[in-house]
Amino acid sequence: MRYLKTPSGRAIEASSFRYSFARSGGPGGQHVNTASTKVSLRIELRDTGLSEQDQARLGAKFGPVMQFTESQSRSQLRNRNVVTERALAAIDDGLVRSKVRRATRATRGSVERRLNDKAQNAKRKAQRRFRGDD
């Protein structure tokens, strides 16, 4: 069994990666009309060899099947390598646990600075007002 490594080092079964090829537009002249350089990649999460927990986390973000497409290069091999790297990076990004945000209070100094700034601003605007006693 062959494995592909994500940038963080997770092993993903290569057999879960299903490639398909099609003709793509863009630069290439007559070559683009005859070569199937566009690469589409489908990854069935249940076949990746990841834990149930990791599959559930990726499934919540991407659905049961991850899909990627690449057609920038004129070379099918280069497009295949790029789409594979993007998919492995997306798997890593999808498995990152975000930190829990804990609410904190503003410091006394920051509150005092904010109130001081508000007072200065109010004073400045009060000086601009028209006074009818002139």
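The values are calculated or read from the model by the stated rules, or taken from the named source; none is laboratory data. Just so it is clear, the model here is predicted, and its values are computed rather than measured. Please note: Cβ atoms are built from the backbone with ideal geometry, for glycine as well, and neighbour counts cover all protein chains shown.
Brief remarks on what is shown
- Every residue from the range 77-119 that is of a type in the set (S, T, N, Q) and either in contact with a strand residue (DSSP E or B) (Cβ under 6 Å, 6 or more places away or on another chain) or exposed (fewer than 10 other Cβ atoms within 10 Å of the Cβ) (or both): ASN79, SER98, THR104, THR107
- Counted residues, the range 4-60 - those being more than 23 Å from the chain's Cα centre (by Cα) and farther than 17 Å from SER75 by Cβ: 1
- Any chance ARG129 is farther than 14 Å from SER16 by Cβ and exposed (fewer than 10 other Cβ atoms within 10 Å of the Cβ): yes
For every residue, the table says whether it meets (1) free of Cβ contacts under 8 Å to residues at least 12 places away in the same chain; (2) in a loop (DSSP other than H, G, I, E, B); (3) basic (Lys, Arg).
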{"position": "SER73", "(1), (2), (3)": "no, yes, no"}
{"position": "ASP93", "(1), (2), (3)": "yes, no, no"}
{"position": "ARG113", "(1), (2), (3)": "yes, no, yes"}
{"position": "ARG124", "(1), (2), (3)": "yes, no, yes"}
{"position": "PHE130", "(1), (2), (3)": "yes, yes, no"}
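- In the condition set (1) modelled with pLDDT under 90; (2) in a helix (DSSP H, G or I); (3) more than 17 Å from VAL96 (Cα to Cα), VAL83 is compliant with all but (1).
- When restricted to residues that are farther than 16 Å from ALA11 by Cβ, modelled with pLDDT of 90 or more and of a type in the set (A, V, I, L, M, F, W, C), the range 31-55 contains 2.
- Test result for ALA60, without any contact (Cβ under 8 Å) to a residue 40 or more places away in the chain, surrounded by 17 or more Cβ atoms within 10 Å (Cβ to Cβ) and in a helix (DSSP H, G or I): no
- In the range 1-51, the residues that are assigned to a strand (DSSP E or B) and surrounded by fewer than 11 Cβ atoms within 10 Å (Cβ to Cβ): LYS5
- Count of the range 5-16 residues which are out of contact with any Ser or Thr (no Cβ under 7 Å at 6 or more places or on another chain) and hydrophobic (A, V, I, L, M, F, W, C): 2
- Exclusive hit being over 19 Å from the mean Cα position of the chain (by Cα), basic (Lys, Arg) and within 14 Å of TYR19 (Cβ to Cβ), set ARG74, ARG108, ARG78, ARG102: ARG78
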